[in-house]
Protein chains: 4
Amino acid sequence: MSIKREIREKPLLVINYKVYASAFGSRGLKIAVAAEKVYEKLGRNILIIVAPPATELRLISEQVSIPVFAQHADPVELGANTGYLPLELIKDTGATGVMLNHSEHRLKLSEIERGIEKALELGLTTLVCASTPRVAGAVAMLKPDIIAVEPPELIGTGVAVSKAKPEVVTDTVRIIKQVNTEVVILTGAGISRAEDVGAAIRLGTTGVLVASAIMKSENPEKVITEMAEVAIKEYYKRG
Amino acid sequence: MSIKREIREKPLLVINYKVYASAFGSRGLKIAVAAEKVYEKLGRNILIIVAPPATELRLISEQVSIPVFAQHADPVELGANTGYLPLELIKDTGATGVMLNHSEHRLKLSEIERGIEKALELGLTTLVCASTPRVAGAVAMLKPDIIAVEPPELIGTGVAVSKAKPEVVTDTVRIIKQVNTEVVILTGAGISRAEDVGAAIRLGTTGVLVASAIMKSENPEKVITEMAEVAIKEYYKRG
Amino acid sequence: MSIKREIREKPLLVINYKVYASAFGSRGLKIAVAAEKVYEKLGRNILIIVAPPATELRLISEQVSIPVFAQHADPVELGANTGYLPLELIKDTGATGVMLNHSEHRLKLSEIERGIEKALELGLTTLVCASTPRVAGAVAMLKPDIIAVEPPELIGTGVAVSKAKPEVVTDTVRIIKQVNTEVVILTGAGISRAEDVGAAIRLGTTGVLVASAIMKSENPEKVITEMAEVAIKEYYKRG
Amino acid sequence: MSIKREIREKPLLVINYKVYASAFGSRGLKIAVAAEKVYEKLGRNILIIVAPPATELRLISEQVSIPVFAQHADPVELGANTGYLPLELIKDTGATGVMLNHSEHRLKLSEIERGIEKALELGLTTLVCASTPRVAGAVAMLKPDIIAVEPPELIGTGVAVSKAKPEVVTDTVRIIKQVNTEVVILTGAGISRAEDVGAAIRLGTTGVLVASAIMKSENPEKVITEMAEVAIKEYYKRG
């Protein structure tokens with residue numbers, strides 16, 4: 001099944017490696033292998049995507065069968081662009097998607113648009129982050145495959161989405177759906193425990209974008225398993 | 001009549017001074033005075049807005065009664081932000097609006113959103129530029145007062161909008177209207193002669209954002225008059 | 001006496017307005033007028049420079065005789081550069097100098113160099129900020145008129161330069177002098193009281209770059225007077 | 001022999017892959033293998049360094065014994081910095097050095113300083129680009145291992161350094177040496193043929209930073225060989 005189809009038919013768990021000490025080398029690879037193992041173990045009833053740093057894309061893409069996304073790309077052309085990461089380069093590593101506009105790496109509006117357009121041409125799946133309901137609505141007009149909503153109320157607070165104002169997520173979902181019914185929506189902030197994944201799905205999103213809860217865990221496979229199990233349970237219950 | 005109402009009831013001519021040699025000092029002021037004179041001469045049937053550099057805002061706002069817009073503002077807070085131009089500062093000069101995301105000064109999506117939000121709080125009118133139909137649609141979701149569409153086919157080519165593919169403008173208008181029926185739309189590229197203003201209005205926009213045709217003219221008042229007359233003729237004909 | 005000569009023969013007090021609420025409009029002007037008054041009152045034995053926001057440059061330059069510096073400029077050319085502040089524009093306002101690379105507004109190395117070069121062509125005096133001894137040494141090679149050293153140990157800590165490690169300042173002075181004996185050196189962080197100005201001069205710098213201690217004071221004239229008096233006393237004692 | 005020693009005792013040829021179509025995948029690896037082959041073939045009398053895109057660093061570092069440099073790094077810390085490339089990450093790939101401030105990827109002065117400092121802590125060799133003699137002098141104060149001078153007169157013009165004003169290079173070398181006698185200096189622009197490498201060394205630099213002449217060649221090994229042979233001949237002749 002193609003990614004573009006799979007993200008529409010299953011719950012979704014995207015692991016943003018960021019550049020934690022566990023994000024690269026053998027530790028980074030090990031987390032990808034664990035994610036793939038959970039994917040298989042749970043009967044492929046959830047899609048798990050890993051987003052390691054650019055330096056790890058080629059190696060990890062070769063070693064695991066689950067989708068690998070870049071954390072960022074530069075919407076520039078191949079050629080004389082020293083130090084940049086054009087989408088063609090990302091594609092060549094074996095990665096099948098790219099994140100754009102993460103809250104730690106904001107892009108110009110014109111760069112987001114060009115990035116989505118180029119990704120589409122190259123067959124790469126796009127995940128674009130958005131901080132507020134209005135920004136999420138704007139991003140939805142650019143037609144990425146996935147939008148991760150990062151309500152400022154939830155970012156880096158450790159506050160669970162289920163306990164923060166849940167209407168921030170539901171409002172965002174409502175605004176996005178008014179203009180784009182195709183895009184897959186993730187909750188992209190405030191995910192620290194398995195129960196937060198459940199809340200994210202009950203609030204109407206397809207899954208989560210998660211980072212430190214897995215990357216800083218002593219047992220990433222265990223955390224991935226717990227989150228994936230809750231996601232599957234809540235997603236299919238929803239019908 | 002308030003600007004926010006006036007831009008909805010009249011054709012609109014926004015003069016972007018950029019930083020041409022004629023944009024500041026006595027020459028910059030003279031163009032604003034000429035614009036005001038045309039505004040009065042034509043019975044206030046068109047709204048003419050001038051957008052001089054930041055250094056000229058205070059002086060020009062004091063000398064003319066037509067609206068003065070900043071060319072850019074930084075969506076930062078008052079305080080320890082050396083060298084930046086917060087919206088509160090723009091407001092204090094007497095300017096009544098602000099341009100954001102001009103093709104020569106692209107902003108991050110999150111900056112555009114924050115800029116529009118702060119402008120709204122301060123009672124400043126916003127004019128946001130957008131390069132493509134999709135970007136224009138995205139900007140429309142952020143609810144600025146005015147969007148200037150700058151089709152890449154027209155930017156800096158000297159190609160008249162009436163002769164370039166007119167569907168680029170009509171497509172953009174259509175996409176914006178699907179998600180935002182309130183916003184005023186301008187044609188923001190390819191305006192070099194009065195007939196281009198007519199074409200811009202016939203294609204469904206409310207007026208134009210124009211720069212070099214006026215700023216580099218030996219007789220700015222004459223060019224403003226010609227453009228304004230055509231704008232009035234086409235706008236009210238449309239009904 | 002020209003600024004370029006005056007900064008070599010007197011102690012120096014540069015007031016960075018930043019964009020505090022007191023930085024613009026009548027309050028901003030009042031602080032410039034107070035600074036001029038102190039300058040005259042103390043027999044012009046100290047040079048006091050004000051650096052208000054770009055929007056205030058023209059008005060303040062017209063109203064006071066002391067030098068007015070911009071807080072920032074963009075080393076771009078006149079022409080199609082919407083929203084930028086070329087040095088020619090700064091010059092036209094009546095400002096006689098420009099700050100570059102403030103810790104709140106870092107520039108690319110190539111921009112600092114181009115800015116200094118253009119300022120020199122236009123007869124504008126340059127004040128470039130530098131965070132560390134090594135950066136200060138690098139800046140000194142670019143031959144600005146003034147360098148303000150901002151030891152990270154002192155920035156925004158409220159820690160007086162006299163109590164923090166004084167060798168940070170003396171080391172910086174030593175490194176700069178090895179490669180550039182012409183440049184005037186200021187202490188640019190940790191100045192909250194008059195005694196800090198004294199310490200800055202005793203450590204071998206010509207004066208200070210100060211912001212909040214004056215901008216947030218209820219009686220700016222009093223603070224300027226106290227700082228200027230100490231500066232004069234310590235500077236001429238040094239011989 | 002360590003790189004830091006080798007760059008002081010041999011001529012130097014640095015191949016900047018940029019992001020040409022030949023820069024990644026099997027083609028990128030093949031060029032690195034060719035460079036290593038030339039290095040061995042010529043008795044290791046020249047040091048050849050390859051600088052592929054970030055995505056290729058790990059693979060190429062594993063496959064060849066010659067030094068591999070990153071084209072760019074972000075002087076940020078490990079942790080929550082999505083999409084950035086901290087120096088620790090570069091180090092972990094097996095790369096032994098990093099380029100900073102290429103003319104296509106200019107950095108803030110404070111970033112260059114922090115990058116050099118972190119590279120030093122990590123044992124990575126630094127190559128910093130500089131556009132003008134003055135900028136080169138400034139960079140020299142920051143103590144990188146290598147400076148590549150890119151006289152604007154030579155960049156991207158296809159004009160050979162031997163035919164352009166050679167004093168641009170000799171002036172730059174002279175200014176750098178006044179403040180830093182340790183740093184290795186390369187000619188970083190205008191290198192299209194083997195004879196340009198000879199001219200670069202005769203003008204007092206240790207070698208060249210070259211890109212398109214190799215990356216766009218149908219026979220990279222041949223071009224590398226020719227350039228390396230001339231470099232060896234001129235370098236050791238100089239004594």
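The values are calculated or read from the model by the stated rules, or taken from the named source; none is laboratory data. All values derive from a computational prediction rather than experimental measurement. Because the Cβ atoms are built from the backbone with ideal geometry, glycine has one as well, and the counts that use them run over all protein chains shown.
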Task: Check on D:N81, farther than 30 Å from A:K216 by Cα, within 7 Å of chain A (Cβ to nearest Cβ) and crowded, with 18+ Cβ neighbours inside 10 Å - done: no
TODO: Output yes when any residue across the stretch B:33-54 is under 23 Å from C:D92 (Cβ atoms) and either touching a Gly at 6+ places or on another chain (Cβ under 6 Å) or hydroxyl-bearing (S, T, Y) (or both), and no when none is.
DONE: yes
Open item on the list: Checking C:A21 against (1) surrounded by fewer than 24 Cβ atoms within 10 Å (Cβ to Cβ); (2) closer than 17 Å to B:V19 by Cα; (3) at the interface with chain B (Cβ under 8 Å from one of its Cβ atoms): exactly one of these is not met. Which one?
Closed with: (2)
Open item on the list: Checking D:A199 against (1) in contact (Cβ under 8 Å) with a residue 40 or more places away in the chain; (2) surrounded by 19 or more Cβ atoms within 10 Å (Cβ to Cβ): exactly one of these is not met. Which one?
Closed with: (1)
Task: Hits in the stretch B:90-125 - residues which are of a type in the set (K, R) and within 14 Å of chain C (Cβ to nearest Cβ) - done: B:K91, B:R106, B:K118
TODO: Quick one: in the stretch B:126-135, of everything that is within 12 Å of chain A (Cβ to nearest Cβ), of a type outside the set (G, A, S) and touching a Gly at 6+ places or on another chain (Cβ under 9 Å), which residue is surrounded by the fewest Cβ atoms within 10 Å (Cβ to Cβ)?
DONE: B:V128
TODO: Identify the single condition in (1) of a type in the set (K, R); (2) in contact (Cβ under 8 Å) with a residue 40 or more places away in the chain; (3) closer than 18 Å to D:I46 by Cα that D:R134 does not satisfy, given that it satisfies every other one.
DONE: (3)
- [ ] Consider B:V38 carefully, then state whether it is more than 9 Å from chain C (Cβ to nearest Cβ), under 15 Å from B:T125 (Cα atoms) and among the aliphatic types (A, V, I, L, M).
- [x] no
Task: the stretch B:202-218 - residue that is free of Cβ contacts under 8 Å to residues at least 60 places away in the same chain and not aliphatic (A, V, I, L, M) and, of those, nearest to the other protein chains (Cβ to nearest Cβ) - done: B:S217
TODO: Could you please find all residues in the stretch B:39-56 being more than 26 Å from B:S103 (Cβ to Cβ) and touching a helix residue (DSSP H, G or I) at 6+ places or on another chain (Cβ under 7 Å)?
DONE: B:L42, B:N45
Open item on the list: Under 7 Å between Cβ atoms, which residue pairs at least 6 apart in sequence (or on different chains) link something in the stretch B:51-71 that is in a helix (DSSP H, G or I) with a partner that is among the polar types (S, T, N, Q)?
Closed with: B:A54/C:T55; B:T55/C:T55; B:T55/C:T93; B:L57/B:T93; B:L57/C:T55; B:R58/B:T93; B:R58/C:T55; B:S61/B:T93
TODO: May I ask you to list the residues in the stretch A:155-172 that are within 14 Å of chain B (Cβ to nearest Cβ) and modelled with pLDDT of 75 or more?
DONE: A:D171, A:T172
Open item on the list: Checking C:I175 against (1) crowded, with 23+ Cβ neighbours inside 10 Å; (2) at pLDDT 95 or above; (3) of a type in the set (A, V, I, L, M, F, W, C), only one condition comes out false. Which one?
Closed with: (1)
Open item on the list: Can you go through D:G43, D:G83, D:G28 and tell me which one is over 22 Å from D:I224 (Cα atoms) and small (G, A, S)?
Closed with: D:G83
- [ ] Kindly check whether there is at least one residue in the stretch A:218-235 that is under 19 Å from A:V50 (Cβ atoms) and not in a helix (DSSP H, G or I).
- [x] yes
Open item on the list: Would you confirm whether or not the stretch D:57-74 contains a residue that is within 24 Å of A:S103 (Cα to Cα), within 12 Å of another protein chain (Cβ to nearest Cβ) and touching a Lys or Arg at 6+ places or on another chain (Cβ under 6 Å)?
Closed with: no
Open item on the list: Among the residues of the stretch A:34-43, are any surrounded by 21 or more Cβ atoms within 10 Å (Cβ to Cβ), at pLDDT 95 or above and in contact with a Cys (Cβ under 6 Å, 6 or more places away or on another chain)?
Closed with: no
